[in-house]
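The values are calculated or read from the model by the stated rules, or taken from the named source; none is laboratory data. This one's a predicted model, so the numbers in the text were calculated from it and none came from an experiment. Neighbour counts run over all protein chains shown; Cβ positions are idealised from the backbone, glycine included.
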Amino acid sequence: MVYDKIIRNKHNIKMKKEATKKIKTLRGLFPSEITVKVHRSQDGKYCAEIITYKGCFTESETFSGLIEMVNDAIKTYFEIPSKYFSFMPDYLPPLNLAQAFSVFPVKEGTKELIFENINAQVKG
């Protein structure tokens, strides 16, 4: 009898070799950073245009919610199956840029922020 090799990933979940390969392939779609234009709407919501991917928009009631929605929008853009969402990289704006944008709270205006892939390997 032939058995598929079971391996453990960083989440300590047993996975078959094929699933691990699929996750690596999907993770390869994600760039090390994305450019996001953020502004407040007239009704006070936080709105984001993911400039890196044409036609990719999202919004949220809070800035922290917007970060989550940006990550969800990217996963949706790449048509990542929901069962793999937790294995995909996440993006966060650098704290100094968030502070420069006064996101605590955000004032009126529009800024472009670079969201960095927090799971990207450091090159060098």
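Restricting region 30-56 to residues that are modelled with pLDDT of 90 or more and among the aliphatic types (A, V, I, L, M) leaves a set whose member that is surrounded by the most Cβ atoms within 10 Å (Cβ to Cβ) is 36.
May I ask you to verify whether residue 98 is touching a strand residue (DSSP E or B) at 6+ places or on another chain (Cβ under 8 Å), surrounded by 10 or more Cβ atoms within 10 Å (Cβ to Cβ) and either at pLDDT below 80 or assigned to a loop (DSSP other than H, G, I, E, B) (or both)? Criteria met by residue 98.
For region 101-124, filtered to residues that are more than 25 Å from residue 27 (Cβ to Cβ) and crowded, with 16+ Cβ neighbours inside 10 Å, the residue that is modelled with the highest pLDDT is 111.
In region 14-51, the qualifying residues are those that are assigned to a loop (DSSP other than H, G, I, E, B) and over 19 Å from residue 85 (Cβ atoms), and the one that is nearest to the chain's Cα centre (by Cα) is 32. For the structure I just gave you, tell me whether residue 75 is modelled with pLDDT of 90 or more, of a type in the set (Lys, Arg) and outside any helix (DSSP H, G or I). No.
What's the number of the only condition in (1) aromatic (Phe, Trp, Tyr); (2) at pLDDT 90 or above; (3) closer than 14 Å to residue 52 by Cβ that residue 84 fails to meet? It is condition (3) that residue 84 fails.
Scanning region 74-84 for residues that are in contact (Cβ under 8 Å) with a residue 12 or more places away in the chain and surrounded by fewer than 18 Cβ atoms within 10 Å (Cβ to Cβ) turns up 77, 78, 84.
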